[in-house]
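**Student:** Please find one structure pasted underneath; my questions will follow.
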Amino acid sequence: MSDAPDLPDLPGPSGASGPSDLPEGYELSADAERIDVDRVHRWLSTDAYWAIGRSREKHARAMASSVNFGVYDTASGEQVAYARVVTDRALFAWLADVYVDPSVRGKGVGTALVGGVREYLRPYGLRRVLLATHDAHGVYEKLGFAPLDRPDQWMALHYPTPADPD
């Protein structure tokens, strides 16, 4: 039995974000049942530089161990963006796999998604939320992310596998 509290609901009805964060016609949800797993896998494995070629099985395992967020078109119900968070709910979180469908890029959906994730995690008093990005520094900086103060203190262990780029 864990002493960790349950993750909070997102602000608004049924896990929807407030209207001030997302553009009109979109809603944010942390309901894992709403995630279009096939669509998210297709986005990441074919169009996201960090996940090109990721297997469906590996993607499913990553999702099962994460808190998953989706942004949805309120008229059609279609998922238009995704992010996931790996966290211990006490000290640390890793924001990963942030992806916005090309058809809605430039509308503020990605910024609102990351802002919603940030607010969702805020009650835990986490010491840090990390992420890695090659090209979206400006999006994350608007939301309070900054380069590591002491990158020389961080290390990584890599298990390269030719069959799977993850």
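**Student:** For the structure I just gave you, tell me whether residue 140 is over 23 Å from residue 48 (Cα atoms) and either in a helix (DSSP H, G or I) or small (Gly, Ala, Ser) (or both).
**Tutor:** No; evaluated as a whole, the condition is false for this residue.
**Student:** Further question on the same structure: Do we find a residue being in a loop (DSSP other than H, G, I, E, B) and either of a type in the set (S, T, N, Q) or touching a residue at least 12 places away in the same chain (Cβ under 8 Å) (or both) anywhere in the range 148-162?
**Tutor:** no
**Student:** On to the next question. Working only within the range 62-97, note down all residues that are outside any loop (DSSP other than H, G, I, E, B), surrounded by fewer than 21 Cβ atoms within 10 Å (Cβ to Cβ), touching a Gly at 6+ places or on another chain (Cβ under 7 Å) and hydrophobic (A, V, I, L, M, F, W, C).
**Tutor:** none
**Student:** Ok, one more. I need a count of the residues in the range 28-50 that are surrounded by fewer than 17 Cβ atoms within 10 Å (Cβ to Cβ), outside any helix (DSSP H, G or I) and of a type in the set (A, V, I, L, M, F, W, C).
**Tutor:** Summing the residues that are surrounded by fewer than 17 Cβ atoms within 10 Å (Cβ to Cβ), outside any helix (DSSP H, G or I) and of a type in the set (A, V, I, L, M, F, W, C) in the range 28-50 gives 2.
**Student:** While we're here: All but one of (1) within 20 Å of residue 28 (Cα to Cα); (2) at pLDDT 95 or above hold for residue 130; state the number of the condition that does not hold.
**Tutor:** (1)
**Student:** How many residues, within the range 112-134, are open to solvent by 40 Å² or more (accessible area, probe 1.4 Å), in contact (Cβ under 8 Å) with a residue 12 or more places away in the chain and either farther than 19 Å from residue 86 by Cα or not in a loop (DSSP other than H, G, I, E, B) (or both)?
**Tutor:** 6
**Student:** Just one of the numbered conditions (1) open to solvent by 50 Å² or more (accessible area, probe 1.4 Å); (2) at positive phi is not true of residue 53; which one?
**Tutor:** All conditions pass for residue 53, except number (1).
**Student:** Restricting attention to the range 1-27, and to residues there that are assigned to a helix (DSSP H, G or I) and either farther than 17 Å from residue 83 by Cα or open to solvent by 40 Å² or more (accessible area, probe 1.4 Å) (or both), which single residue is modelled with the highest pLDDT?
**Tutor:** Applying the filter and picking the extreme gives 14.
The values are calculated or read from the model by the stated rules, or taken from the named source; none is laboratory data. These numbers were taken from a predicted model, which means no experiment stands behind them. Methodologically, a virtual Cβ is constructed for each residue, glycine included, from the backbone with ideal geometry; neighbour enumeration extends over all protein chains shown. These accessible areas exclude ligands, DNA and RNA; they are computed on the full protein's heavy atoms, side chains included. Shrake-Rupley method; radii C 1.70, N 1.55, O 1.52, S 1.80 Å.
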